[in-house]
1. Could you work out how far apart the two model spin labels at Y32 and E116 are, taking each label as a point 7 Å from the Cα in the direction of the beta carbon, and quote it in nm?
2. Taking only the alpha-carbon atoms of region 21-169, what semi-axes of the equivalent ellipsoid follow from 5 times the gyration tensor eigenvalues under a square root, in whole Å, largest first?
3. Long-range amide H contacts for E153: which residues qualify at under 5 Å (H placed 1.01 Å from N, peptide plane, sequence gap of 5 or more or a different chain)?
4. Evaluate the distance, in nm, between pseudo-label points positioned 7 Å from the Cα of T79 and of S125 along their respective Cα→Cβ axes.
5. Using the Karplus curve 6.51 cos²θ - 1.76 cosθ + 1.60 with θ = phi - 60°, what ³J(HN,Hα) values do you get for each residue of region 108-120, in whole Hz, with x for Gly and Pro?
6. Test of understanding: what is the full-extension gain from I137 to A65, defined as 0.36 nm times their sequence separation minus their Cα-Cα distance?
Amino acid sequence: MKMTVLSLTSAALLLGAGAFAASAQAQESFQYPQGYVGGDAMFWSLNPDRGDSRDDVGLRLRGGAQFNDYFALEGHLGTGGSDRGADLDHLAGAYAKGILPVAPNFRLYGLAGFSEVEISDNRESGLSYGAGAEMDIANNVSIGADYMRYLDESTYDFDAASVGLRYRF
């Protein structure tokens, strides 16, 4: 009898601890809207219709607000890098971000919006789009990579592949 009571008590404690842990984990789930900031190494490429492409590495800062598991608004600021007379003076853009949660800690996403890019004092703006993926490595930190077509002009394209970290708050 003592063994049965001890077993039932232990089972009840384990179930209660499991329910408490699940409740604590649910409370740790993200509350929306949720802000975030990130920094990336941006490997950019200017591809003229005629001539050689120009490539270099710059820095990109991004920030945004995620409103639910599937949608966010995001902004990019970038600068840096120079290749054969093509200097990336600045990049600025605003995007809608569609998110596809693949697993609890892994997401695919698409971006679409508007960018302004200034290269060697030549400023252009237009529609932009891209896609990427990110994976959580800690409670509020994720690593990610994406590819963006920032400009698609009649005489050239400006693209960037970026890798970096994001912090959610």
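Laboratory data are not the source of any read-out in this text; all were calculated from the coordinates shown. Note that this is a predicted model, so its numbers are computed, not measured. Cβ placement follows ideal geometry from the backbone for every residue including glycine, while neighbour counts extend to all protein chains displayed.
1. Label at Y32, label at E116, 3.1 nm between them.
2. Over the Cα atoms of region 21-169, the semi-axes work out to 32, 14, 12 Å.
3. Counting only residues 5 or more places away or on other chains, the set is F158.
4. In this crude spin-label approximation the distance works out to 1.9 nm.
5. 9, 8, x, 10, 8, x, 10, 10, 10, 10, 10, 10, 6
6. Details: separation 72, 0.36 × 72 = 25.92 nm, distance 1.95 nm.
Between I137 and A65, full extension yields 24.0 nm more.
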